[in-house]
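The values are calculated or read from the model by the stated rules, or taken from the named source; none is laboratory data. Bear in mind that the values here come from a model prediction, so they are computed numbers and not experimental data. With ideal geometry, Cβ positions are generated from the backbone for all residues, glycine too; neighbour counts draw on all protein chains shown.
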Amino acid sequence: MIKLVSFDIWRTILDLSKFYNIVSNNIAAITKRDYNEVREIIDKAYKLALMARLKGKFKRPVYDSAIFFAEALNIDVDTLFKAVAESIYDEGISNLVYSDVVPTLKRLRERGLKIALLGNVMFWPGMITRAILYRNGILKYVDVTLFGDEIGMQKPDKQVFCMLSDLASCNLNDIVHVGDSLMNDFAGALLAGVKAVLIKRDLNIGMIKLSDNAYIINSLEKILNIV
């Protein structure tokens, strides 16, 4: 019986592209560079950083990934951190939630299910993401938040899901995890013994059932048909 639904954060709950727009704008303003140039570099660096993180190259998750992005942008790490810090106060920061998120969280709450957020980190710490979630009115629905820099491990590590089950006082097979990453979220959850749901908002079909423990959906609201 499902007792808890956990969600990845970026590109599942919060729109990463919008956040990178804000950060890129701040970097461009600080460095007097063209916004489009900065934004393009960040996109390319992000794709490479995902692979580097999976290979275990970021031993200090936030700082090492910050060095990675800063070098790609040809700026120092402090400039990158300053741009992220300024982004929290941007008026657009409270408009990062996908439209299907709040209705889904409300319905899950009404059913008496616990809700968790599991976040890997890049060049900003989990506490920054937590503040952004607060600005977007999401934290009030959540029982547990786990971030890679705070717990010393990141998805797809099985121990992330084991820690979640301990904190939520439920078994691994009582959990459904939803996320956009085939490796970190989908495969990671399945290997941990957790029911896995891959969110692909560009999917033409509403839901694909691969097995009793594996689904693909195009809207978070489809999770209500699974739990």
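Among Phe147, Phe81, Phe68, which is the only one that is under 16 Å from the mean Cα position of the chain (by Cα) and either among the small types (Gly, Ala, Ser) or within 26 Å of Ser24 (Cα to Cα) (or both)?
Result: Phe147 is the single residue among Phe147, Phe81, Phe68 that is under 16 Å from the mean Cα position of the chain (by Cα) and either among the small types (Gly, Ala, Ser) or within 26 Å of Ser24 (Cα to Cα) (or both).
Does Ala168 meet the test of being of a type in the set (A, V, I, L, M, F, W, C), over 17 Å from Ile216 (Cβ atoms) and surrounded by fewer than 23 Cβ atoms within 10 Å (Cβ to Cβ)?
yes
Taking strands (runs of 3 or more DSSP E) that fall entirely within region 185-227, which contain at least 2 residues that are touching a strand residue (DSSP E or B) at 6+ places or on another chain (Cβ under 6 Å) and under 18 Å from Leu4 (Cβ atoms)?
195-199, 214-217
What is the one condition in (1) assigned by TED's automatic domain parsing to the domain that holds Asn184; (2) within 30 Å of Ile27 (Cα to Cα); (3) touching a residue at least 40 places away in the same chain (Cβ under 8 Å) that Leu139 does not satisfy?
(3)
Examine region 19-29 for a residue that is out of contact with any helix residue (DSSP H, G or I) (no Cβ under 8 Å at 6 or more places or on another chain) and farther than 11 Å from Phe123 by Cβ, and state whether such a residue exists.
Checked region 19-29: at least one residue is out of contact with any helix residue (DSSP H, G or I) (no Cβ under 8 Å at 6 or more places or on another chain) and farther than 11 Å from Phe123 by Cβ.
Please list, ordered by first then second residue, the pairs with beta carbon atoms under 8 Å, 6 or more apart or interchain, first in region 211-227 and without any contact (Cβ under 8 Å) to a residue 40 or more places away in the chain, second small (Gly, Ala, Ser) and surrounded by 15 or more Cβ atoms within 10 Å (Cβ to Cβ).
Listed by first residue and then by second, the contacts come to Asn213/Ala196; Ala214/Ala196; Tyr215/Ala196.
Just for region 40-75: of the residues that are among the basic types (Lys, Arg) and in a helix (DSSP H, G or I), which one is modelled with the lowest pLDDT?
Arg53
Might you check whether a residue that is surrounded by 15 or more Cβ atoms within 10 Å (Cβ to Cβ), in contact with a Cys (Cβ under 9 Å, 6 or more places away or on another chain) and touching a residue at least 24 places away in the same chain (Cβ under 8 Å) occurs anywhere in region 106-121?
Within region 106-121, one or more residues are surrounded by 15 or more Cβ atoms within 10 Å (Cβ to Cβ), in contact with a Cys (Cβ under 9 Å, 6 or more places away or on another chain) and touching a residue at least 24 places away in the same chain (Cβ under 8 Å).
Of the residues Arg33, Arg39, Arg107, Arg11, only one is within 20 Å of Met127 (Cβ to Cβ) and charged (D, E, K, R); which?
Every option except Arg11 fails the conditions.
Restricting the search to region 123-145, which residues are part of a loop (DSSP other than H, G, I, E, B), of a type outside the set (Val, Ile, Thr) and either in contact with a strand residue (DSSP E or B) (Cβ under 7 Å, 6 or more places away or on another chain) or surrounded by fewer than 22 Cβ atoms within 10 Å (Cβ to Cβ) (or both)?
Matches in region 123-145: Pro125, Asn136, Gly137, Asp143.
Taking Asp8 and the conditions (1) acidic (Asp, Glu); (2) over 16 Å from the mean Cα position of the chain (by Cα); (3) within 25 Å of Asp166 (Cβ to Cβ), which numbered condition does it fall short on, given that it satisfies the others?
Only one criterion in (1) acidic (Asp, Glu); (2) over 16 Å from the mean Cα position of the chain (by Cα); (3) within 25 Å of Asp166 (Cβ to Cβ) is unmet by Asp8, namely (2).
With the requirement that a residue be among the hydroxyl-bearing types (Ser, Thr, Tyr) and surrounded by fewer than 20 Cβ atoms within 10 Å (Cβ to Cβ), what does region 21-51 give you?
Thr31, Tyr35, Tyr46
Within region 1-35, which residues are in contact with a strand residue (DSSP E or B) (Cβ under 9 Å, 6 or more places away or on another chain), part of a helix (DSSP H, G or I) and of a type in the set (Phe, Trp, Tyr)?
Phe19
Could you list, in sequence order, all residues of region 63-90 that are of a type in the set (D, E, K, R) and either in contact (Cβ under 8 Å) with a residue 24 or more places away in the chain or assigned by TED's automatic domain parsing to the domain that holds His177 (or both)?
Lys82, Glu86, Asp90, listed by residue number.
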